[in-house]
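In what follows, a structure is listed as structure tokens, so that the remarks can point back to it.
No lab work stands behind these numbers, since they all come straight from the coordinates. Quantities reported herein were computed from a predicted structural model and do not represent experimental measurements. Positions of Cβ are backbone-derived with ideal geometry, glycine not excepted, and every protein chain shown enters the neighbour counts.
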Amino acid sequence: MESTRIRIALGSATAVALTLGAVLVGAPAARAAGVSGPSFYVDGALYRTVGTPTDLTGTGAPASSYQPIYAFPEGTQPNVATAAPGDADYRGGRWQVYPVALPDGYAAALASGDLDNDGVLDSSDEIWAAVTAGDLTIGSAAASFECPVIPVPASH
């Protein structure tokens, strides 16, 4: 019976790790190296990360100890996080993933949320503008984990 619980727990951890990989990791070559390609925005700047096996889901840590990262449907655009190193509210690379849905499509979310007209939702202000307009919805926290935040070089 104990081994069954261990297998179930390991299976759940593997599923979360695979979900996080899909959320954060970019190109296949980057995955092999452990460092992702551009995978999320913070205040208009692109960042990448290094995948780590840290599933903090279900640990009981308060939501306030994590930084939200809004996960867009695959193929839509990079995700959006709410802070990066150097920001006063940055929480050291501890993240909670919140899936977003686009009930009227991505074009509608862009039309209502792209405040700087750069063709992408790339800040929490833009996320919330699209939410306020009803063109983007945010689901419940799907996973919690820790990973570093690395600025994408300007030459990218």
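As a proxy for reagent exposure, 41, 98 were ordered by neighbouring Cβ count within 10 angstrom, fewest first; the result is 98, 41. Modelled spin-label separation between residue 133 and residue 87, with each label point placed 7 Å from Cα along the Cα-to-Cβ direction: 2.1 nm. Here the label points at residue 125 and residue 141, each 7 Å from Cα along the C-beta direction, are separated by 2.7 nm in the simple model.
Neighbours of residue 125, meaning other residues whose beta-carbon lies under 10 angstrom from its beta-carbon, give a summed charge of -4 when Lys and Arg score +1 and Asp and Glu score -1.
Simple spin-label estimate for residue 59 and residue 104 gives 3.9 nm between the two label positions (7 Å along the Cα-to-Cβ direction from each Cα).
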